[in-house]
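Following: one structure in structure tokens, then a few remarks.
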Amino acid sequence: MMALTATLPATHLQSGVQTTPDGQQWIPIPEPTPELWKNGRTYHARPEQPLTVANLPHLHGDREAFSLSVDATEQLLTNLDKRLSWKDVEAFYPMSDVWAFRRVKRPRSGTHRHEYMIKGSTFQLRQALIYALERNEMMRSVAVPCNKDAPNYTSVNPYPFPRMHYAVLRGHAETYEHLIDEVEVDNLEDVTDIKHGNGEDGGDLQFPGFMTGFTIVTSRNSKEQGMCALHYVMNHAVFDMASLHYFLRDIDERLGGMEQPRDTAALSYGPYAYWRYVWPYTDEGKAAVNFHRERLTGLQHSAKAWPPARTTGWMRGNDQGWLTKDNQDGHSTTQDRRPLAPTGKEQKGKSGDFRAIRVPHILKLRKEHGIAPAKAIKTAVALFHVKETGAYEAVFSQAEGGRMAIDVDGLDFKGARGPMVEMVLNRVAIPSQNETVLSLFNRVQTQQAALSKHSHYHRGQLVQELEKTGDAHQFESCAPRFHYNWAPRMPPTSDRIKLTKFEGRSDLGMALVYRLKGDDELVIEQSWDNAQLKEEEVERITRRILAAAKWICNPENWNKPIGECNFEAHDDAYVYQGLP
């Protein structure tokens, strides 16, 4: 178990009641011990009465901060719906720096659009959806910005006042009026044609305000009786792939008539939100920043930012409505980002395509040498990267799930129903083409273990440290260009709910999501910025990575030099047409 300590001002480590210069009495905050982490469990309480400062442990009894939080929430909720107020807030959590300080480039940035075909009536789907929303609180949250008059620190709380909060709304009729609507179409496949305006397709789900929107889709086609569709758009600040699976499983189980859920109780996001809020200010949190600073120092001299930029910004897919600040006069102006795709294919990169190849021995690699499939494929990506750039190291970003790294005394976050994902920058040195494949496998896996251990860190603090070494600009330049994401295997849902569209809108140049279907089918979902990359370029990149993956996973090549890797043997790659 990990015992955590913090370096705080001396006055906060004294015992007993203290008095501030203005006469206010308060109890000092102890070092973050296991007992302090357990304070996060206070969030589990769901009082029927309006929340008080006692229900918000991250405020540490600070009544000034509580008053500012209530005022900011009341103002936002009143603007959204005059019927809503603080009494409708079920829980109130600090938002981590991962999301609170995110810079949004376009109306849809950071949102996901998913579509499903449902076996069941619209009544059954509505009941199942409400049931799942009750068990997955973050789907009912609104983003509340910090009161503009709030101080960074207060006399009671040694931690910075959160820039943004999640206000979880109670499951009342007024809440669901905002979250759920219904649309009728001629055929259920027409679900893909609804809600494409900037606002309804994600623009209205940005800070501050609601984070999710669900649409139950009915069909006029008599042949589709007993069927309906579910469409939703969510801000990534309220979910990650693991928590999304729990949400969909709840829908699926209720559609199947299951009265008793597989999980006896949904795990509140509160304890993790509290932990992540305090974490950057602990010695261990600072050590995580130092870990990344040390491994990224010198990036400016060795890393080649790839792919090269053709225009401004990195935004896969549709960049309609994108605004950026003009450096000349400080006004927002729409940039001219012309798609490189032929007319009629401008939105191609938005949904992405799927390519696949058979990798027969990928599980044998784990059985005989302990190399997990995700690490093997990451090795192929690194090899491709240095081949493409001519550099001696591969630098590309990666999504870290963040659930495997946490082992905190008395708390288990693996089942938390909310976002825990973090972003890290890979830096894989490949100085010699004579290194064997198996040696590189082991190095990549060892590096990945260290990244997972230090996956939770404060990005703002890291950038400040890299500014001191002169590497911040290169860090920010490399991070959005080329992104690696391994999608973990999740237990399948039944055939009552089938995914038909999975569309992310992160501000990235090219995002490749890797999945292992069955024992040997490697699938890559490719999406890209079509003002930066041409479709044929993306196709070439994907095929070469698939070929490299197949070559290095072949036992006959494990002891060969990596310089012999064949990037062209991709004739057996194919278009994947299964479910995402």
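Every number here is computed from the coordinates shown, using simple stated rules; none is lab data. The model shown is predicted, which means the values in this text are computed figures rather than measured ones. Using ideal geometry, Cβ is built from the backbone for each residue, glycine included, and neighbour counts are taken over all protein chains shown.
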Original post:
By counting other Cβ atoms within 10 Å of each Cβ, how are 258, 211 ranked from fewest to most?
Top reply: 258, 211
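Would you calculate the volume per residue, in Å³, of the smallest convex hull containing every Cα atom of the range 100-244?
On the way: hull volume 18.8 nm³, N = 145.
Expressed per residue, the convex hull around the Cα atoms of the range 100-244 is 130 Å³.
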**OP:** Starting at the first residue of the range 81-90, write each ³J(HN,Hα) from the Karplus equation 6.51 cos²θ - 1.76 cosθ + 1.60 with θ = phi - 60°, in whole Hz, x for Gly and Pro.
**Re:** 6, 4, 7, 9, 8, 4, 5, 8, 8, 7
Subject >> Cα-based shape type of the range 486-543, given that a ≥ b ≥ c are square roots of the gyration tensor eigenvalues and the cut on a/c is 1.5 >> reply: prolate
**OP:** Starting from the Cα of residue 119, step 7 Å along the direction of its Cβ; do the same at residue 193; then give the gap between the two resulting points in nm.
**Re:** 2.8
Original post:
Taking a threshold of 21 Å on the Cα-Cα distance, which of the pairs 387/550; 378/550; 387/517; 453/501 fall above it?
Top reply: 387/517; 453/501
Original post:
Using the per-residue mean of other Cβ atoms lying within 10 Å as a proxy for protection, in what order, highest first, do the peptides 267-279, 454-466, 131-143, 48-60 fall?
Top reply: 267-279, 131-143, 454-466, 48-60
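Mind sorting 286, 550 by how few other Cβ atoms lie within 10 Å of their own Cβ, fewest first?
On the way: 286 17, 550 24.
Fewest to most other Cβ atoms nearby, the residues stand as 286, 550.
Tell me the relative contact order for the range 441-580 as a rounded percent, counting alpha carbon contacts under 8 Å between residues six or more apart.
17
Going highest first, how would you order 480-488, 289-297 by mean Cβ packing within 10 Å? Intermediate results must be reported in sequence, preceding the final value.
Details: 480-488: 20.7, 289-297: 17.8.
Ranking, from highest mean packing down: 480-488, 289-297.
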**OP:** For the range 115-123, just list the computed ³J(HN,Hα) in residue order, Karplus coefficients 6.51, -1.76 and 1.60, θ = phi - 60°, integers in Hz, with x standing in for Gly and Pro.
**Re:** 9, 9, 9, 10, 8, x, 7, 5, 5
Original post:
Which whole-Hz couplings ³J(HN,Hα) result when phi for each residue of the range 231-245 is put into the Karplus expression 6.51 cos²θ - 1.76 cosθ + 1.60, θ = phi - 60°, listed in order with x for Gly and Pro?
Top reply: 10, 8, 10, 10, 7, 5, 5, 10, 7, 10, 5, 5, 5, 4, 4
Original post:
Between residue 183 and residue 222, how many nm apart are label points set 7 Å from Cα along the C-beta direction?
Top reply: 2.6
